[in-house]
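A short worksheet on the structure shown next.
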Amino acid sequence: MLHASGIQKSYGQLKVLKNVDIQVQKGEIVAIVGASGAGKSTLLHILGTLDSPDQGKVVMNGQDVFSQSPASLASFRNRSIGFVFQFHNLLPEFSALENVMIPGLIARHDEKMVRKRGVELLEMLGLNERLDHKPSEMSGGEQQRAAVARALINSPDLILADEPSGNLDSSNALELHTLFFKLRQELNQTFIIVTHNIELSTMADRRLEIKDGLLSF
């Protein structure tokens, strides 16, 4: 489903990624580990089209993603990729449901259908009693589950998670990790997860390590 080849990225004189190749199959959960500053998040941002490589290609479902115009690339990103970050990035003035609906509304889907899908996802993730709660009225684990629902709202091909449990205690972290595998089982969802969490990385189908700008298998 995803094939990135020859990915190189530098910031000034610092070469962060040196000819990285990665392939991911539909329904696979891949963990990427490595020391701080090794380039994990840089690679994830390139795979998610939030940043572009200096050299190399990212092909998703047969499409060279960076060959598109900026407007087409933004639309592709909204439609095909969901993001979950360490800090949930929920907008504080909106309810859980409203936050979840935002990517669907940006994609100009029918508002009633987006709302219905948002409710379904929040219920699936155990947040049926938090639909109208703002982030400040929710626990950290609940906020992160709402962020996962938001990532799923457009039924993306791929979810990219950058240290998704890094801001959670061990109990909530385990709950979130278990949730990813539930979503893979029920929705055949594909995940690439950057993590320092050893438990999560060993649960994944594959564990890849970035070291010295290269990806080892």
Next on the checklist: How big is the dipole moment of the chain about its Cα centre under a simple scheme where the beta carbon of each Lys and Arg is +1, that of each Asp and Glu is -1, and everything else is neutral? Debye, nearest 20, please.
Outcome noted: 540
Checklist entry - What is the packing order of peptides 145-155, 9-19, 119-129, taking the mean over residues of other C-beta atoms within 10 Å and listing the highest first? => result 145-155, 119-129, 9-19
Item to check | Positive-end extreme of charge dipole, the chain - chosen from Leu105, Gly141, His88 (charges on Cβ) | outcome: Leu105
Checklist outcome for this item: Projecting the Cα atoms of Ser155, Val20, Asn167 onto the charge dipole of the chain, where Lys and Arg contribute +1 and Asp and Glu -1 at Cβ, the residue farthest towards the positive end is Val20
Item to check | Violating pairs (Cα-Cα greater than 32 angstrom) within the set Lys26/Lys116; Lys26/Lys211; Lys15/Lys134; Lys9/Lys112 | outcome: Lys15/Lys134; Lys9/Lys112
Checklist entry - Accessible area per residue, 1.4 Å probe, Å², for region 80-216: what's the number? => result 48
Checklist entry - Counting alpha carbon pairs within less than 8 Å and at least 6 residues apart, what relative contact order, in whole percent, applies to the chain? => result 31
Next on the checklist: Can you give me the angle between helix 170-187 and the longest principal axis of the chain, using Cα atoms only, in degrees from 0 to 90, rounded to the nearest 10?
Outcome noted: 90
Checklist outcome for this item: Residue by residue through region 119-128, the couplings from Karplus 6.51 cos²θ - 1.76 cosθ + 1.60 with θ = phi - 60°, in Hz, x for Gly and Pro, are 4, 4, 5, 5, 5, 4, 8, x, 10, 5
Checklist entry - Got a number for carbon plus sulfur as a percent of the chain's accessible area, 1.4 Å probe? => result 49
Checklist entry - Taking the chain as a Gaussian network, where each spring joins two C-alpha atoms under 10 Å apart, which residue of Ala107, Ala96, Ala173 fluctuates the most? => result Ala107
Next on the checklist: So for region 1-64, averaging the separation of alpha carbon pairs under 8 Å that are six or more residues apart and normalising by length, what relative contact order in percent results?
Outcome noted: 44
Checklist entry - In degrees from 0 to 90, rounded to the nearest 10, what is the angle of the helix 96-106 Cα long axis to the longest principal axis of the chain? => result 60
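When Lys and Arg each count +1 and Asp and Glu each count -1, what net charge do the other residues less than 11 Å away from Val16, Cβ to Cβ, add up to?
Numbers: positive: Lys9, Lys15, Lys18, Lys40; negative: Asp51, Asp54, Asp212.
In short, +1.
The values are calculated or read from the model by the stated rules, or taken from the named source; none is laboratory data. Worth saying up front: this structure is predicted, and the values here are computed from it rather than measured. Here the Cβ is made from the backbone with ideal geometry for all residues, glycine too, and neighbour counts use every protein chain on show. Keep in mind that these areas ignore ligands, DNA and RNA; they rest on the heavy atoms of the full protein, side chains included. Shrake-Rupley method; radii C 1.70, N 1.55, O 1.52, S 1.80 Å.
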